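Here the structure is laid out as structure tokens; the discussion comes afterwards.
The values are calculated or read from the model by the stated rules, or taken from the named source; none is laboratory data. Quick caveat: nothing in here was measured; it's all calculated off a predicted structure. Cβ coordinates were reconstructed from backbone atoms using ideal geometry, including for glycine residues, and neighbour counts include every protein chain displayed. Calculation scope for accessible area: heavy atoms of the full protein, side chains included, ligands and nucleic acids excluded. Shrake-Rupley method; radii C 1.70, N 1.55, O 1.52, S 1.80 Å.
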Amino acid sequence: MLPTSLLTGGLIYVLEVVFAVSFTALVYTNELASYLPLAVGFTLLGDAVLCGIVAVLSSYRGASAIEQDVPVAILTLTITAVLGTLPAGTTADTKFATVLIVIVLTTLSAGVFFLLLGYFKLGGLVRFLPYPVMGGFLAGTGWLVVKGGFGVMLEMPLSWQNLPHF
């Protein structure tokens, strides 16, 4: 049972490498682009831990874990806002460390939040979210992913300033 779970987790991880590199490229643009190889390494390490934990500890036999594009799009905008609050003379090393800390803290806080939701069996609360709210959220994050993808291809940053206003 354990070897099968580890093999499955490993195969899913191989597919995840493509997602990890592309999602990391969305976050580390402009002056942080030189840190992209280091950031991809951190992302791949975190993704390996994620796949391994879910493959071994999940109560559902066919469970697998993959990175999601919605949090990456929102995290990119959050990081842009946080970097905008730093003083003008901030070094690239400080910006990289700030981005890394933001990612770690948001990941840990989301993990604790969902762990508490599961522990107290409150997952059914999601049914009270109206469909238009969920649809708008998914459409908005889809727009951010598409815009971020074009931004990476065209080397144009995703920021609050260059988002279209409706």
task: Find the residue count for the range 109-124, including only residues that are among the aliphatic types (A, V, I, L, M) and open to solvent by 50 Å² or more (accessible area, probe 1.4 Å).
output: 4
message: Could you check the range 1-30 and list, in sequence order, the residues that are more than 17 Å from Gly148 (Cβ to Cβ) and either among the small types (Gly, Ala, Ser) or touching a residue at least 60 places away in the same chain (Cβ under 8 Å) (or both)?
response: Ser5, Gly9, Gly10
- request: Scan the range 135-156 and give yes if some residue there is more than 18 Å from the chain's Cα centre (by Cα), open to solvent by 90 Å² or more (accessible area, probe 1.4 Å) and on the phi > 0 side of the Ramachandran plot, otherwise no.
  value: yes
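One line per residue, one yes/no per condition, for (1) touching a Lys or Arg at 6+ places or on another chain (Cβ under 9 Å); (2) part of a helix (DSSP H, G or I); (3) over 23 Å from Asp47 (Cα atoms); (4) polar (S, T, N, Q):
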| residue | (1), (2), (3), (4) |
| --- | --- |
| Glu67 | no, no, no, no |
| Ala81 | no, yes, yes, no |
| Ala88 | no, no, yes, no |
| Thr94 | no, yes, yes, yes |
| Thr98 | no, yes, no, yes |
| Thr106 | no, yes, no, yes |
| Gly135 | no, yes, yes, no |
| Gly142 | no, yes, no, no |
| Phe150 | no, yes, yes, no |
- line: Over the range 82-108, the set of residues in contact (Cβ under 8 Å) with a residue 40 or more places away in the chain and exposed (fewer than 12 other Cβ atoms within 10 Å of the Cβ) is Gly84
query: Does Ala48 meet the test of being part of a loop (DSSP other than H, G, I, E, B) and crowded, with 16+ Cβ neighbours inside 10 Å?
result: no
message: Ser64 - would you say it is over 28 Å from Ile101 (Cβ atoms), open to solvent by 50 Å² or more (accessible area, probe 1.4 Å), of a type outside the set (D, E, K, R) and in contact with a helix residue (DSSP H, G or I) (Cβ under 9 Å, 6 or more places away or on another chain)?
response: yes
task: Kindly list the number of the only condition in (1) touching a Leu at 6+ places or on another chain (Cβ under 7 Å); (2) more than 28 Å from Ala139 (Cα to Cα); (3) among the hydrophobic types (A, V, I, L, M, F, W, C) that fails for Ala88.
output: (1)
